[in-house]
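The values are calculated or read from the model by the stated rules, or taken from the named source; none is laboratory data. Since the model is a prediction, treat every value here as computed from it, not as a measurement. Methodologically, a virtual Cβ is constructed for each residue, glycine included, from the backbone with ideal geometry; neighbour enumeration extends over all protein chains shown. These area figures cover heavy atoms from the full protein model, side chains too; ligands, DNA and RNA do not enter into them. Shrake-Rupley method; radii C 1.70, N 1.55, O 1.52, S 1.80 Å.
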Amino acid sequence: MKYIDYKERKDPGTFNFPIAFYAENPHSPRYYMPHHWHTHYEIIRIISGTFHLTINKEVHVCQPGDVIFVTDGFIHGGIPHDCVYECIVFNLQILLKDNHACAKTIHDIMDHKIMIHTYLAQHSPLILPIVKNLSHALSSKKTGYEFMTQGYLYELIGTILSEHLYEESTGDVASAERLTSIKNVLAYIAENYSGNITLDKLARIAGMNPRYFCRYFRSMTERTPIDYLNYYRIECACEMLSTKNISIKETAISCGFNDESYFIKTFHKYKGVTPKQFMTAEF
């Protein structure tokens, strides 16, 4: 079981209601957010604490009250600090069903002709109340919440448009190609993290020489490729140790560490505790 796919393949929600809601806190197994991307849109609301969030190359320290809109295909992730936050992941096509009045604009958003601003609540006081209502509808799941959820999504998109919280995109082919190369690397790590992965192999997947690949990867993720690989493996280990009846040695092997003592040392480096201490902590 992977901690979280760099390209998430699982569709949010259900076929008829493709919207998923996640409430995260420091005790959640999915609390940390390794860099990943997906074909859906995501709204992140910071409730308390701070979140050091990177989206593509843009870095921001998110504060309580911030609402972050993540466009499909954008690599995003980061480190929360004593943070409580919520994520809403949704397929924008749900707003197209039998809705001809809004179809063109929604298609323009999906085709990236309209690029919605990333940090919405900073630019309009109207955004946060809508997102709070959206989160409440999804978390409470009271009778009729499906209607309310879609209504709040329409209200959110309408407010974004009326407040002009977007830009018309001109496109950057070179940047898009480099971004795709990093996505390929992240997908490879997600599929093969338990095996032997070298820097040269990752650079070949990206189609770059190792030196340039290291610089570009670090600019996107704030980590070197190997540091990020170990970080991802340790996050996978945390998921296993908190959800499965599995030994530390078995976890080490499953996460690509052939040496148990090195695994324990690396685990402590990233988590500040040993695997045994992590297993005995309350979650």
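How far apart, in nm, are the 7 Å Cα→Cβ label points at Met115 and Thr180? Going from the Met115 label point to the Thr180 one covers 1.7 nm.
Placing a pseudo-label 7 Å from each Cα along the Cα-to-Cβ vector at Thr198 and His27 gives an inter-label distance of 4.6 nm. With both labels modelled 7 Å from their Cα along Cα-to-Cβ, the His107 to Lys132 distance reads 3.8 nm.
When you work out D = kT/(6 pi eta Rh) for the range 54-185 at 10 °C and 1.306 mPa s, using the Kirkwood radius from C-alpha pairs as Rh and the Stokes-Einstein form, the result is 97 µm²/s. Give me the tail of P(r) for the range 54-130 as a percent: Cα-Cα pairs with distance above 17 Å. Percent of Cα pairs beyond 17 Å in the range 54-130: 56.
Give me the percent of accessible area attributable to carbon and sulfur for the range 104-174, probe 1.4 angstrom. That share works out to 55 percent. With R₀ fixed at 51 Å, the C-beta to C-beta distance from Glu250 to Asn209 puts the FRET efficiency at about 0.85. Of all complete DSSP H helices in the chain, those with a Cα span along the helix axis of 18 Å or greater and a mean Kyte-Doolittle hydropathy of -1.0 or more are 127-140, 145-162, 173-192, 225-243. A Förster distance of 30 Å, applied to the separation of the beta-carbon atoms of Met279 and Ile79, puts the FRET efficiency at 0.85.
The separation of the range 253-283 from the range 131-158, counted between C-alpha centres, amounts to 40 Å. Hydrodynamic estimate: the Kirkwood radius of the range 130-283 over Cα pairs, inserted into Stokes-Einstein at 10 °C and 1.306 mPa s, corresponds to D of 83 µm²/s.
Solvent exposure of the chain amounts to 49 Å² per residue of accessible area, where only protein heavy atoms count and the probe is 1.4 Å. If you bin all the Cα-Cα distances of the chain at 5 Å, starting from zero, the percentages per bin are 1, 5, 11, 15, 17, 16, 13, 10, 6, 4, 1, 0, 0.
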